[in-house]
1. Exactly one of (1) in a loop (DSSP other than H, G, I, E, B); (2) touching a residue at least 24 places away in the same chain (Cβ under 8 Å) is unmet by Leu65. Its number?
2. Would you point out the residue of region 4-15, among those that are open to solvent by less than 60 Å² (accessible area, probe 1.4 Å) and modelled with pLDDT of 95 or more, that is farthest from Phe161 (Cα to Cα)?
3. Among the numbered criteria (1) within 23 Å of Arg138 (Cβ to Cβ); (2) surrounded by 15 or more Cβ atoms within 10 Å (Cβ to Cβ), which one does Met1 miss?
4. Here is a list of conditions, (1) under 23 Å from Pro192 (Cβ atoms); (2) exposed (fewer than 15 other Cβ atoms within 10 Å of the Cβ), and Gly29 meets all of them except one; can you say which number that is?
5. Considering region 80-94 alone, what residues qualify as being touching a residue at least 40 places away in the same chain (Cβ under 8 Å) and open to solvent by 60 Å² or more (accessible area, probe 1.4 Å)?
Amino acid sequence: MPFDRDWGYGRGTPIDRVYIETFLEAHAGDVRGRCLEVLNSNYTERHGLGSVASADVLDIDPANLRATLIADLGEENSLPEERYDCFILTQTIHLVSDMKTAIANAHRALVPGGVLLLTVPGVGRHESRQGFAHDRWRVTVPGLQWLLEGTSWTNRTFTTFGNVLTATALLFGLAVEELEPHEIAANDPDYPVIVACRAVKDSR
């Protein structure tokens, strides 16, 4: 049995959250202008540092009162065209049946030169709560590279975060506070907890 079934929240900070934050901190300069984020605008507000002109929130669920844009990433052309300078798309496309369409929608929503900050789980528990049937995929670097093919980017940088210890700890439901900093910081591409990509839309 895992120590915690809620990704480690019951014991502290989930391990994958630290990796997502590390990735976004490294690219905080891209969080500027008109921004779009899924579910809430927490990362936009945390990393925008006064450079954000507007912050929209995307959700498929109209019950989300923080959402300013209700749309399904799995539906073709569901996002407005060339509206955003930055799209923070973390831990979302693995919940979409057609991840290629989700990437195409993200590309469509960005202005030329706009930046996509994308993270996906390389490993993690399956979300199997009653009534939730959307947790479909885990993604590798080659898989993410393939997903971005067919959309035009001037620059794509792929990064992995994690190692065999943190991957195992995440599955057991342990928290960041229960590991040493050097254990969390160690990176082994063969055991990615998080796979991330910074992609800049072709400015034509």
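The values are calculated or read from the model by the stated rules, or taken from the named source; none is laboratory data. The model shown is predicted, which means the values in this text are computed figures rather than measured ones. We place every Cβ from the backbone using ideal geometry, glycine too, and count neighbours over all the protein chains shown. Keep in mind that these areas ignore ligands, DNA and RNA; they rest on the heavy atoms of the full protein, side chains included. Shrake-Rupley method; radii C 1.70, N 1.55, O 1.52, S 1.80 Å.
1. For Leu65, the exception is condition (2).
2. Going through region 4-15, the residues open to solvent by less than 60 Å² (accessible area, probe 1.4 Å) turn out to be 4, 8, 12-15.
In the following step, the residues that additionally are modelled with pLDDT of 95 or more were identified as 12-15.
Working: Gly12: 19, Thr13: 16, Pro14: 14, Ile15: 10 Å.
Step by step, filter region 4-15, then rank; the result is Gly12.
3. All conditions pass for Met1, except number (2).
4. With (1) under 23 Å from Pro192 (Cβ atoms); (2) exposed (fewer than 15 other Cβ atoms within 10 Å of the Cβ) applied to Gly29, the lone miss is (1).
5. At the first step, the residues of region 80-94 found to be touching a residue at least 40 places away in the same chain (Cβ under 8 Å) are 83-94.
Of everything in region 80-94, just one residue is touching a residue at least 40 places away in the same chain (Cβ under 8 Å) and open to solvent by 60 Å² or more (accessible area, probe 1.4 Å), namely Arg83.
Residues are listed down the side, and each one gets a yes or a no for (1) buried (at least 21 other Cβ atoms within 10 Å of the Cβ); (2) modelled with pLDDT under 95; (3) assigned to a strand (DSSP E or B); (4) at positive phi:
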| residue | (1), (2), (3), (4) |
| --- | --- |
| Arg17 | no, no, no, no |
| Cys35 | yes, no, yes, no |
| Asn40 | no, no, no, no |
| Gly50 | no, yes, no, yes |
| Asp56 | no, no, yes, no |
| Ser78 | no, no, no, no |
